[in-house]
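**Q** Have a look at this one before I ask anything.
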Amino acid sequence: MESSSIAVTYDYRCPFARNAHEHVVHALRGGAPWAVEFVPFSLTQVHVEEGGTPVWEDSARAADLVAVEAGLVVRDRDPDRFLDVHLAMFAARHDQGRDLRDEAVVREVLETQGVETESVFDAIAEGWPRTLFRKSHESAAADHKVFGVPTFIAGNDAVFVRIMTRPNEDQKASVMTIERVLSLMLEQPELNEFKHTSIPQ
């Protein structure tokens, strides 16, 4: 597939987002010609009842946002470290079973990736990462009807995808995995839903 600009939503709590984003990062490191925007999307906000307090304004749920906020600071201020931090956040949650609502855990993830943690949390205290998180979430929901993660977005097309595998050492396999997703989305829009009725054990 030719060079493409795509966006992919994420929330670190989702194992399917972990799978998709690992493939995307693995593919990029294998030379995939995509310009990728990593778009935060809050699963906590998705489950706020109509008329309820938005998570962005709910101090009791602030911890639900801190890992993504930290990642956004790195994405925008230290982009060379972002992909490593991004994968490390997923690994902390899904490989190590750690609670990313715990600031100490988030700090440790950042430190292991060589990020200066105090500057990240100073930025979070300024409030702009949450504003950015909210804007990204609300734009995805309004502009593309996004309801979950991972959702792949290209132009006016958006698809929610569950990739069942994680990458192996073959970066070309990850390139092929994501290119199949993009091909189905962009070249076969008539295929709206395709889901196996059971998962091989």
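**Q** Can you tell me how many residues in the range 8-58 are in a helix (DSSP H, G or I) and either touching a Lys or Arg at 6+ places or on another chain (Cβ under 7 Å) or without any contact (Cβ under 8 Å) to a residue 12 or more places away in the chain (or both)?
**A** Taking the range 8-58 first, the residues in a helix (DSSP H, G or I) are 15-29, 43-46, 55-57.
Retained after the next criterion (residues that are either touching a Lys or Arg at 6+ places or on another chain (Cβ under 7 Å) or without any contact (Cβ under 8 Å) to a residue 12 or more places away in the chain (or both)): 16, 19, 22, 43-44, 55-57.
Residues that pass the stated criteria total 8.
**Q** Can we say Arg61 is surrounded by fewer than 19 Cβ atoms within 10 Å (Cβ to Cβ) and of a type in the set (Lys, Arg)? Break it down into steps so the answer makes sense when it comes.
**A** On the way: surrounded by fewer than 19 Cβ atoms within 10 Å (Cβ to Cβ): yes; of a type in the set (Lys, Arg): yes.
In short, yes.
**Q** Right, next: Collect the residues in the range 8-51 that are crowded, with 19+ Cβ neighbours inside 10 Å, of a type in the set (Gly, Ala, Ser) and more than 9 Å from the chain's Cα centre (by Cα), keeping them in residue-number order.
**A** Ala27, Ala32, Ser42
**Q** Only one residue in Val149, Val106 is touching an Asp or Glu at 6+ places or on another chain (Cβ under 8 Å) and at negative phi. Which one?
**A** Details: Val106 fails: touching an Asp or Glu at 6+ places or on another chain (Cβ under 8 Å).
One residue alone meets the criteria, Val149.
**Q** Also: Go through (1) more than 30 Å from Glu49 (Cβ to Cβ); (2) among the hydrophobic types (A, V, I, L, M, F, W, C); (3) surrounded by 22 or more Cβ atoms within 10 Å (Cβ to Cβ) one by one and return the number of the condition Phe121 breaks.
**A** (3)
**Q** Out of Leu186, Leu191, report the one residue that is surrounded by 16 or more Cβ atoms within 10 Å (Cβ to Cβ), modelled with pLDDT under 95 and at negative phi.
**A** Values: Leu191 fails: surrounded by 16 or more Cβ atoms within 10 Å (Cβ to Cβ).
Exactly one of Leu186, Leu191 is surrounded by 16 or more Cβ atoms within 10 Å (Cβ to Cβ), modelled with pLDDT under 95 and at negative phi, namely Leu186.
**Q** Pull up the range 96-125, narrow it to residues that are closer than 25 Å to Glu37 by Cβ and either modelled with pLDDT under 95 or not in a helix (DSSP H, G or I) (or both), then point me to the one that is nearest to the chain's Cα centre (by Cα).
**A** Within the range 96-125, the match that is nearest to the chain's Cα centre (by Cα) is Leu100.
**Q** Answer yes or no: is there a residue in the range 83-94 that is in a helix (DSSP H, G or I), touching an Asp or Glu at 6+ places or on another chain (Cβ under 7 Å) and basic (Lys, Arg).
**A** no
**Q** Another question, if that's okay. Taking Ala91, is it at pLDDT 95 or above, under 16 Å from the mean Cα position of the chain (by Cα), under 20 Å from Asp80 (Cα atoms) and surrounded by 12 or more Cβ atoms within 10 Å (Cβ to Cβ)?
**A** Working: at pLDDT 95 or above: yes; under 16 Å from the mean Cα position of the chain (by Cα): yes; under 20 Å from Asp80 (Cα atoms): yes; surrounded by 12 or more Cβ atoms within 10 Å (Cβ to Cβ): yes.
Taking the combined requirement at face value, the residue satisfies it.
The values are calculated or read from the model by the stated rules, or taken from the named source; none is laboratory data. Treat the numbers as computed from the prediction; the structure is a model and nothing was measured. FYI the Cβ positions are ideal-geometry reconstructions off the backbone, even for glycines, and counts take in every protein chain you see.
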